[in-house]
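One structure is given here, and the rest of the page talks about it.
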Amino acid sequence: MKVGEAVEQSPLLVEVLPSLAKQIKNYFTNNISRFELGIQVDTLRIKTLCDCGEPDCGSFYLTTYEEDRDIEEFNLDGIGTIETQNGLITFIEIFPSPEGNHIRNTLKDNGVLY
């Protein structure tokens, strides 16, 4: 499966990674007052894993990847970044780490592939 191809019945972020979903929602609603981004979290579906090949990378796509896109990045408390495009959360980068490995394995266990 290529980056950007939809996973059949992609899992909801809040169901597969509830603590990360809560952290992201709180970041947008409480820390930086970007409510329009925070309200998206409950309906975000994880499409594909990052295909970098790093076993400790926990990054994943929430939409189809577009090479030449205008993105806005937000720092997620030192564990990674959140990318948005046109007001939509599109990619969650989780830096290679034990937490990244745990997220990657959890997503694989829930049917999320490359």
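Every read-out reported here was derived from the displayed coordinates using simple, explicitly stated rules and does not represent laboratory data. The structure displayed is predicted, hence computed values, not measured ones. As a convention, Cβ positions derive from the backbone with ideal geometry for all residues, glycine included, and neighbour counts pool all protein chains shown.
Details
- Available extension along the chain between ASP56 and LEU88 is 8.9 nm, counting 0.36 nm per residue and deducting the alpha carbon span.
- Distance histogram for the chain (every C-alpha pair counted, 5 angstrom bins, percent rounded to whole numbers): 2, 12, 24, 27, 21, 11, 2, 0
- Assigned charges on the beta-carbon of Lys, Arg, Asp, Glu; the range 13-109 dipole about Cα centre (debye): 420
- Lysine-lysine proximity count for the chain, Cα under 19 Å, sequence distance 8 or more or distinct chains: 5
- Once backbone amide H atoms are built at 1.01 Å from N, GLY80 has PHE95 as its partners under 5 Å, excluding neighbours fewer than 5 places away on the same chain.
- Residue-wise HN-Hα couplings along the range 22-33, as the Karplus relation 6.51 cos²θ - 1.76 cosθ + 1.60 with θ = phi - 60° gives them from phi, are 5, 4, 5, 4, 4, 4, 6, 8, 9, 7, 10, 6 Hz; Gly and Pro carry x.
- Backbone geometry of the range 76-89 corresponds, through the Karplus equation with coefficients 6.51, -1.76 and 1.60 at θ = phi - 60°, to 3J(HN,Hα) couplings of 9, 6, x, 9, x, 9, 10, 10, 10, 9, 6, x, 10, 6 Hz, x marking Gly and Pro.
- Using R0 = 35 Å, the C-beta based FRET efficiency linking ASN75 and GLN9 works out to 0.65.
- C-alpha long axis of helix 98-109 to longest principal axis of the chain, angle in °: 60
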